[in-house]
Amino acid sequence: MSVPDYMQCAEDHQTVLVVVQPVGIVPEDQFFRIYKRIASVAQVSIRDSQRNLYIRYRHHYLPENNEWGDFQTHRKVVGLISVTTCGSAKEWPQTLDRFHSQKEVFGATLYDSRLLVFGLQGEIAEQQRTDVAFYSSYEDCPNVEKRVEDFVESIFIVLESKRLDRATDKSGDKIPLLCVPFEKKDFVGLDTDSRHYKKRCQGRMRKHVGDLCLQAGMLQDALVHYHMAVELLRSVNDFLWLGAALEGLCSASVIFHYPGGTAGKASGRKPSLAQGQGQAADAGKRHRPGALTANGISADTSSEIGRAKNCLGPEDIIEKYKEAISYYGKYKNAGVIELEACVKAVRVLAIQKRAMEASEFLQNAVYINLGQLSEEEKIQRYSILSELYHLIGFHRKSAFFKRVAAMQCVAPTIPEPGWRACYKLLLETLPGYSLSLDPKDFSKGSHRGWAAVQMRLLHELVYASRRMGNPGLSVRHLSFLLQTMLDFLSDQGHTHILVLIFVCVFHVHLYTLAAQICNASASPGLRFTRMHCSTSSEFQWVQGEVCEVQLMVYNPMPFELRVEHMVSEALLLDRGCPEIHSVSLLLSLSQYIYYLCLLSPQSLTLKVFSLLYFICCLVVLFPVEKLFGEFLSWDLDEAVSQLPLKPGQSVTLTVNIKVRLDFSGGENLLQDLNDDGISVTGLPISSPLRQVLKPRAETKPLGSESSKTDYNHVKTLEAVMTFKYSGGAGKVEGYYRDLTLGVHVDIEPSVFFTRVSTLPATRTRQCHLLLDVFNSTEHELTVSANNNQDLVLHASECQRMAIQVDKFDFDTLPQPDQEALRYTNPKLLEEERLHAQASMINSTLGITWNIISFVGEASVEGVLNQLVLEHLQLAPLQWDVVVNGKPCDCDIIADCRVGDAVPLEVKLTNRSKNAVGPFALTVVPFQDYQNGVQNYDLQDAVTFIGSNTFYIDTVKPTENSVCMGALLFLYTGDFYLNIKFQDDSAGQGKELPPSWFGLPSVHIKALEAPIEAGA
């Protein structure tokens, strides 16, 4: 093996591995939708048995890792689920051949396989086959989970038979020797009849049977086999397999002691010892107690339970892990096994809160040599080390390795360095070095952290942002560095930073510095120190007169500062704009008085005066692919009031041109928004802070045909206006004339929405709408939305805009009547429904763009897809949780007193059109240690007055159901309530989507009860 699995944990030894892969061409989003549903079947209770089978799913698995399946059975691929799209019967033979070819890759170890076919209908789809399931579409596949459960049960049958066959081998004393791939050449020519060789075979087989027992849910039997394997393998110095037997013993003990898992998994995964003993007793009924097979392995392990060692204690688990890792270290080809064992031990120590010992395992993991790793694998390794150090509370060490991963993203050996990935990782290191980018967190005279390291990190952020092509961001970091680290900088450092600021500002296309006289605030373009003024006043500004404003500026630097292109702009209540005069000045080492002049075009009242960097920009119109609303509009009342016209007179009719358009970006635009993010932890970095479109001249020659078409976003709208007029004798006779006027408008886009998605918010009835906004103009553009910060976009720049919105109740929209439903095209009705929903969202968002004084609306109609609309829709089931009389949501904390009964109320309101239920709700209290560890063992801290499970009967539409209960907290602290649900109606064919069960996580703070007077 060459690629380690950093996500492995001790309880994974109890799982069987199933690979889920596409066959042929399958849309990525559809595949992962099916994969998510398959992966939800992670635990199956075996019928006619008290055991559970746990499954680990992977959509990508190296075949070379499968060769280590005899060494540790949880690495063996025992199941294959293939997903394919088949449109016609002609494609079916080729699809089936591909499926069989895919099975051959893991054919030596597969227990069973399944093929899920989507899109095929007809005679073939009606055939009843156990290994193939047919579905009409990816949306219409209701029983996928049931098929997977049947598939898992078939795997269990094969697993159980193999376990029994291995434990009852009748092949005499010729036990096969299990080997890892690199051992096979070392055992050629050995004496297979020697006592040493037979013990080696028996010890390895014992360990292998222990793995099978652990997977089959027989924990006590697995402990017995592991102990016996350790004794046999230790006697023959078979160190590699001895380490594996010790690791298996540790894994079985961890599963017993920590049923909640060591990787943050919520559900318990281990059957009780009593259950394991009962299973061992059942095994005794099938075989003669104490009987030995011909190869010396007892078929009935229940007779040996009394002689076997007990489950390892928490201290012994770590000692055995150390011993196993020391044995792995003797083999250079077992580096991946050694590294993964270190990671598993660290996760166990994190649960035990033994940070110092965990750091020793991590230090050992740093020096494990895995050979030649790719740059992406190095980044992943350092990132995982950072996460593990963070898990045990070593935040500065975590930040160190996160910074190493960031530097690896831009290593000299990488052809295209990932500066955006580097910048993102550097930002994640700030908390570890006690550094915040908010200047409010820095107070005069007190400083946290090492200033030298913090300045080095800020310089690296500046350099990374410059290499990203974002000089404005570099100026922001440099200004922050100058403001917060001024006391630690030398005069030479001051000069160096100001030179960098000058260079970066020079490359900024449009930069803004705004400050009001009384309450100035930093502009969103560049962040500077606030400017405070002591007085303000209102005055009249006479038309044509020169207004003079006196401003006093102080230079804190040890040298002169030159300010260029400094201008003033009046923020006026009435319409009009004063003339602007750009000036430059040199600030000396002391206070400096400067006079600004404004020239007013008309009589105005000046309320606010500001200083800013200002550059005039041209406005461009909207993009056009689909037109919404009216294009031309006019008001005839004013023109009609001037009629009839006398000879020589004229009348003017004002025609308003307003375009509401589809703002979705085209394919060519999306291809040009290149992102050089590098995968760090297996997932691509697809959300960089900024993306800059490459100049046209660098990508395509000016004279080429492609350059004339790919970037041609200009759209044309045409309309014909017809005027009818009459007068004189002709009017009396009823004659009139027609005048036709053609209107031709060329429209070029200002902004595009290139990508749209959603993220959940802290409140269950809210979410974040994410819009990637692209400025297609050559000037700076500001995008605004209701109750949201403005977004400033430079020319040809794309940024992500996050808007927090309340989820929408689309059921309140007017519905078409029965006649319309009967006679209207269904496709047209669907378009009208989507249009109404998008209009409702668009009116709530209120997105506008602004270039100087030009303002336009930006509509999301035509941009939102069906998946985003589902995420924005308010769930038909409304859940309200009230604790101690206080409504709770994700960010609300309910207070209570220790020893007082705390009422708990869960209310379900059915806003859907159908009856729902019955449901069973279970309230589980836990404590979150804020380090990835959650404690559910609170029997001595929290008790329920009554049952912690509520039963909700069927709830009809528009009705509600309320469940009442009470809790009693015995100790102070912060507690959380995890409300789990069970949909008992699923068996009746009425399975509801998970999004309908948006139950909030309740946070309760238990306070000390007040001491009564005279007590």
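Below is a table of values for the structure above.
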| read-out | value |
| --- | --- |
| Those residues of the range 988-1014 which are modelled with pLDDT of 85 or more and of a type in the set (Asp, Glu), in sequence order | GLU1008 |
| Top-ranked residue of the range 17-54 - restricted to ones that are part of a strand (DSSP E or B) and among the hydroxyl-bearing types (Ser, Thr, Tyr), ranked as surrounded by the most Cβ atoms within 10 Å (Cβ to Cβ) | TYR54 |
| Test: residue in the range 98-107 that is under 19 Å from LEU212 (Cα atoms), among the acidic types (Asp, Glu) and in a helix (DSSP H, G or I) | no |
| Where a residue in the range 474-487 is of a type in the set (Val, Ile, Thr) and its partner, wherever it lies, is part of a helix (DSSP H, G or I), with Cβ under 7 Å and at least six apart | VAL475/ILE501; VAL475/CYS504; VAL475/VAL505; THR484/PRO439 |
| Residues of the range 768-782 classified as crowded, with 21+ Cβ neighbours inside 10 Å and either under 17 Å from ILE841 (Cα atoms) or under 24 Å from the mean Cα position of the chain (by Cα) (or both), total | 4 |
| Residues located in the range 718-750, provided they are in contact with a strand residue (DSSP E or B) (Cβ under 9 Å, 6 or more places away or on another chain) and among the aromatic types (Phe, Trp, Tyr) | PHE723, TYR725, TYR736 |
| Scan of the range 956-987 for residues that are β-branched (Val, Ile, Thr), at pLDDT 85 or above and surrounded by 14 or more Cβ atoms within 10 Å (Cβ to Cβ), ordered by number | THR972 |
| Positions within the range 418-436 being in a loop (DSSP other than H, G, I, E, B) and either of a type in the set (Gly, Ala, Ser) or at pLDDT 90 or above (or both), in sequence order | GLY418, THR429, LEU430, SER434, SER436 |
| Meets criteria (under 13 Å from GLN202 (Cβ atoms), crowded, with 20+ Cβ neighbours inside 10 Å and outside the structural domain of CYS201 (by TED's automatic domain parsing)) for ALA245 | yes |
| Index of the failed condition, ASN470 passing every other in (1) under 14 Å from VAL404 (Cα atoms); (2) in contact (Cβ under 8 Å) with a residue 60 or more places away in the chain | (1) |
| Of all residues in the range 217-242 being surrounded by 24 or more Cβ atoms within 10 Å (Cβ to Cβ) and of a type in the set (Gly, Ala, Ser), the one that is nearest to SER45 (Cα to Cα) | GLY217 |
| Filter result for the condition that a residue is touching a strand residue (DSSP E or B) at 6+ places or on another chain (Cβ under 9 Å) and part of a loop (DSSP other than H, G, I, E, B), over GLY69, GLY79 | GLY69 |
| Among (1) free of Cβ contacts under 8 Å to residues at least 24 places away in the same chain; (2) surrounded by fewer than 18 Cβ atoms within 10 Å (Cβ to Cβ); (3) not basic (Lys, Arg) - the single one ALA133 does not satisfy | (2) |
| Test: residue in the range 142-162 that is assigned by TED's automatic domain parsing to the domain that holds LEU17, surrounded by fewer than 18 Cβ atoms within 10 Å (Cβ to Cβ), free of Cβ contacts under 8 Å to residues at least 60 places away in the same chain and assigned to a loop (DSSP other than H, G, I, E, B) | yes |
| In the range 922-964, residue farthest from LEU904 (Cα to Cα) [restricted to those that are without any contact (Cβ under 8 Å) to a residue 24 or more places away in the chain and either among the polar types (S, T, N, Q) or touching a Cys at 6+ places or on another chain (Cβ under 6 Å) (or both)] | GLN930 |
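Yes/no per residue for (1) closer than 15 Å to GLY24 by Cβ; (2) surrounded by fewer than 21 Cβ atoms within 10 Å (Cβ to Cβ):
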{"residue": "PHE71", "(1), (2)": "no, no"}
{"residue": "HIS74", "(1), (2)": "no, no"}
{"residue": "GLY79", "(1), (2)": "no, no"}
{"residue": "CYS86", "(1), (2)": "yes, no"}
{"residue": "VAL105", "(1), (2)": "no, yes"}
{"residue": "GLN128", "(1), (2)": "no, yes"}
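The values are calculated or read from the model by the stated rules, or taken from the named source; none is laboratory data. Quantities reported herein were computed from a predicted structural model and do not represent experimental measurements. Neighbour counts are summed over all protein chains in view; Cβ atoms, including those assigned to glycine, are modelled from backbone coordinates with ideal geometry.
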